1. Considering only residues of the range 389-428 that are among the small types (G, A, S) and open to solvent by less than 10 Å² (accessible area, probe 1.4 Å), which is nearest to the chain's Cα centre (by Cα)?
2. Condition first: open to solvent by 30 Å² or more (accessible area, probe 1.4 Å) and closer than 23 Å to A703 by Cα. Now tell me which residues in the range 789-813 satisfy that.
3. Could we say that Q318 is surrounded by 16 or more Cβ atoms within 10 Å (Cβ to Cβ) and touching a Cys at 6+ places or on another chain (Cβ under 7 Å) here?
4. Among A606, A628, A665, which is the only one that is under 22 Å from H557 (Cα atoms), in contact with a helix residue (DSSP H, G or I) (Cβ under 8 Å, 6 or more places away or on another chain), small (G, A, S) and touching a residue at least 60 places away in the same chain (Cβ under 8 Å)?
5. So which of R383, R376 is open to solvent by 30 Å² or more (accessible area, probe 1.4 Å), within 30 Å of R159 (Cβ to Cβ) and not in a strand (DSSP E or B)?
6. Could you tell me which residue of the range 429-456 is surrounded by the most Cβ atoms within 10 Å (Cβ to Cβ), considering only residues that are part of a helix (DSSP H, G or I) and near the ligand (Cβ under 10 Å from one of its atoms)?
7. Identify the residue in the range 457-489 that is in contact with a strand residue (DSSP E or B) (Cβ under 9 Å, 6 or more places away or on another chain) and outside any helix (DSSP H, G or I) and, among all such residues, is farthest from the ligand (Cβ to nearest atom).
Amino acid sequence: MLEVSRFAVEDLTDGCVTDKKNPCFSYRLNSDRTDVTVREAVITLNGWSARTAEQTGIRYDGTELKPFTRYTAVLDVTDDAGETAHAEVSFETGRMGEAWKGVWISDPAYSFTEKGVSPVPMMFRRKIGTKGKIASAKLYATALGIYELEIDGKKVGDRYFAPGFTSYKHEMQYQVYDVTELLAEEKESTLTAVVAGGWAVGSFVFTRVNRFDGDRQAFLAELRITYGDGTEEIVGTDGSWEVTEDGPFRMADIYDGEIYDATVDPEKITWRKAAQEQLKFTPNLMADYGSPVKAHEEMRPVSCKKLSDGTLVYDFGQNFAGVVKLRLNGKKGQTVTVKHAEILNQDGSLNTKFLRTAKATATYTCRDGAQEYSPRLTYMGFRYVGITGIDEKDVNVSALALYSDIERIGEFTCSNEMINRLQQNIIWSSKSNFVDIPTDCPQRDERMGWTGDIAVFAPTACFNFDISRFLEKWLLDVKAEQLPSGGIPNTVPVQGYGFPATMPSMAIDWWGDACVLVPWAQYMAGGDVQVLRDMYPVMKKYVKACHFWAGFGFGKHRYIWHTPSVLHFGDWVAPDVPKMSQWQGRSKWTATASLYNTSRLTGEVARILGEEEDAKYYKELSEKVADAYVSVFTDGNGKLKEEFQTAYVLPLWFKMFPENVQGKAAENLAALVKASDYCIGTGFPGTPYILFALADNGQADAAFQMLTNTKCPSWLYEVKSGATTIWERWDGLDENGECPIGDDGTDMMISYNHYASGAVGAFLYQRVAGIQADEPGYKTFTVKPLVGGEITSAKAETVTPYGKIVSDWKVEKGTFQIDIEVPVGTKCTVTLPDGSTQQHGSGRYHLSCPWEKQ
Ligand code: BGC
């Protein structure tokens with residue numbers, strides 16, 4: 001029997017509202033037969049139909065879709081045996097460019113000029129009297145800042161930080177809420193919006209710049225009511241709305257937290273008339289196309305200790321991004337303060353030093369009686385909270401993990417429990433840093449879209465989560481923010497930079513590489529070529545800029561990228577050299593390898609898109625760069641003149657060495673690794689690939705020794721030290737639980753929740769479990785487990801566009817056994833440790849071979 005397990009539009013099975021002219025369809029199938037392929041699928045919508053054997057990237061191209069309309073697409077699929085299945089998916093179109101009846105409004109009397117702080121949250125309200133039976137009511141809203149909506153005191157929708165973080169001057173999302181059930185019929189309802197400064201107007205970036213996109217908050221909304229008799233009423237934001245800054249939200253700031261006063265009665269404060277506001281720019285307003293931030297796990301403390309000063313310190317047992325949720329028994333005017341931290345001092349108090357300027361504090365003033373409080377307009381990265389102002393018996397503490405609404409699609413486990421914890425740490429650092437945009441960290445005064453972090457982490461992330469919408473949204477900003485010079489800003493969206501300008505208008509290796517590496521990772525995981533089409537012009541312009549900056553020199557040095565290292569990040573956070581300037585000092589190697597990699601990949605993209613001439617150009621360019629790297633940095637026989645791990649890892653993994661010296665280079669890397677007692681010595685660029693560089697070149701033993709090492713610095717040292725997320729710095733805590741990092745030029749850049757070095761996760765899936773896409777989207781893939789390092793079993797599963805792939809193996813009594821699952825529409829090549837290879841179509845298989853420990 002054939003069945004459709006998922007039929008999605010714009011990667012959503014439910015609740016999609018889109019402004020896309022060509023919404024994209026995809027589907028997955030299940031069957032009780034094996035080796036099933038699709039003979040033909042027919043998707044019909046609005047008089048259009050597509051006949052295809054593809055399962056992803058099927059775009060509507062029929063007559064123009066109308067705005068504000070519900071559509072249903074129908075899928076009828078026939079497999080190779082003639083079995084059929086049917087499914088439907090409904091979606092709604094957004095405004096499709098339709099002009100708003102409302103105008104942007106603000107409080108003309110409000111101005112704030114103070115540096116380093118966020119504006120007081122602005123509240124807007126309007127009473128709405130409905131005139132009859134409501135058939136449907138939809139609210140369209142967005143804001144400059146971040147907003148929350150209520151109708152008669154009830155929250156509208158379940159997302160946080162609307163309209164999300166985008167490059168506001170280019171594009172801004174708006175939200176669509178079905179408020180049919182919330183509006184009172186035939187009487188008045190009050191619609192209230194609170195708009196905080198958020199990323200657009202609030203203080204943001206470590207320089208605490210504010211008012212980046214506007215001098216104050218602004219709000220835009222339109223309520224469309226359709227009555228039972230078919231008549232329509234539209235209420236937009238205009239001068240009839242009221243505004244105040246005297247509401248219960250007294251302060252809200254991404255870094256500093258929130259101050260809420262529950263004694264404030266909105267009926268007793270002064271409301272003024274709102275007025276039309278002229279934004280500084282005209283963003284393209286689009287219905288949500290990313291993945292909104294929502295509350296996921298409710299975290300419960302594992303312990304509570306009272307300090308001598310009375311502070312109640314709660315430990316959630318897990319580092320994460322989110323907000324506390326307090327159920328309190330309070331007295332009017334009683335003030336409860338909640339501070340947040342990732343680690344504790346030796347005396348059990350909160351260590352907030354590494355939050356730098358971020359105050360990360362929630363302050364709540366109670367009314368009388370039982371009440372609940374959870375911040376809505378800020379978030380923190382923490383494991384511990386310190387609460388003052390209330391007795392333990394009067395407060396019930398939990399917390400909400402906040403992150404983008406991305407689907408968890410992967411899991412990895414094996415016989416080594418510490419590696420399993422490492423995998424969980426990777427998952428938690430992903431969740432904590434997928435907060436509307438890919439951030440570096442969730443706790444200190446950054447939380448910015450640092451490009452280098454996601455550039456190295458994207459392949460791992462794509463095994464664990466479906467982040468296609470999340471990345472698509474961010475990549476649109478990468479495209480919009482590309483500098484005229486071709487460089488990509490180090491953080492996207494760019495927000496309020498000050499000196500030192502870590503964002504010069506030049507190309508920066510690895511960080512800028514995100515414009516190539518992220519779409520490539522998404523393409524390999526998701527199989528939809530559109531992401532390459534969209535980003536190809538950006539890649540070309542970027543590689544041109546990299547080539548330009550590399551081009552200062554003579555002969556082969558024209559391909560050695562050696563612009564002043566102070567502008568590059570080099571081997572960022574490499575633990576074998578203690579100073580930031582030393583990481584940066586390695587940029588000649590990292591940048592040259594980056595230029596090789598981005599030009600090679602851009603050539604590959606050109607080939608896929610049929611741009612043959614470009615493909616040839618980029619291939620030749622990459623070959624020249626590889627030749628220069630080998631000629632300038634090595635003795636020509638696989639030995640670096642100046643040796644460090646990353647300088648071997650990059651050319652090895654990218655295959656820049658001539659084939660006959662690749663093995664020798666790997667031996668030299670293995671010797672270097674052995675000399676460091678199998679401790680890691682790589683920074684951001686080398687970390688994702690070091691185990692691959694070793695294992696794929698005859699040094700699997702060294703790779704496993706490094707993976708399972710628990711000495712500092714190593715992945716499992718962090719686990720041994722009790723880490724529940726991935727640390728930014730390999731040596732973030734010493735054996736005594738103290739941070740040993742002194743003045744290293746980074747201004748206390750020490751986070752315990754930074755996913756970049758969790759990029760090792762791809763090795764767990766691709767080598768230990770052995771799952772590797774041969775074609776994008778896993779249409780054809782390999783399962784080739786690598787057994788090593790005392791690991792006796794491993795299981796990985798990841799949901800691909802075609803369905804779930806499973807590789808589940810163990811070695812026992814001289815036998816290697818594996819269970820695999822191959823989704824409908826795909827083909828798998830399985831290679832067992834004895835070298836035997838088999839091909840399988842969809843289905844479940846059990847295979848085995850003799851196994852002898854090497
Ligand atoms: C961030 C990093 C980022 C780096 C680049 C740091 O402050 O937290 O993850 O990529 O700066 O310089």
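1. So the residue we want is S404.
2. Start the filter on the range 789-813 by keeping residues that are open to solvent by 30 Å² or more (accessible area, probe 1.4 Å), which leaves 790, 792-793, 795, 797, 799, 804, 808, 810, 812-813.
Residues satisfying the conditions are E790, T792, S793, K795, E797, D808, K810, E812.
3. no
4. Working: A606 fails: under 22 Å from H557 (Cα atoms); A665 fails: touching a residue at least 60 places away in the same chain (Cβ under 8 Å).
When all the criteria are applied, what remains is A628.
5. On the way: R383 fails: not in a strand (DSSP E or B).
Every option except R376 fails the conditions.
6. Among those residues, the one meeting the criterion is N433.
7. Top of the filtered list is D466.
For every residue, the table says whether it meets (1) β-branched (V, I, T); (2) more than 16 Å from the ligand (Cβ to nearest atom); (3) open to solvent by less than 60 Å² (accessible area, probe 1.4 Å).
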position	(1), (2), (3)
Y542	no, yes, yes
F554	no, yes, no
P564	no, no, no
W583	no, no, yes
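The values are calculated or read from the model by the stated rules, or taken from the named source; none is laboratory data. As the structure is a prediction and not an experimental result, all values here were calculated from the model. All Cβ positions, glycine included, derive from the backbone under ideal geometry; neighbour counts span all protein chains shown. These area figures cover heavy atoms from the full protein model, side chains too; ligands, DNA and RNA do not enter into them. Shrake-Rupley method; radii C 1.70, N 1.55, O 1.52, S 1.80 Å.
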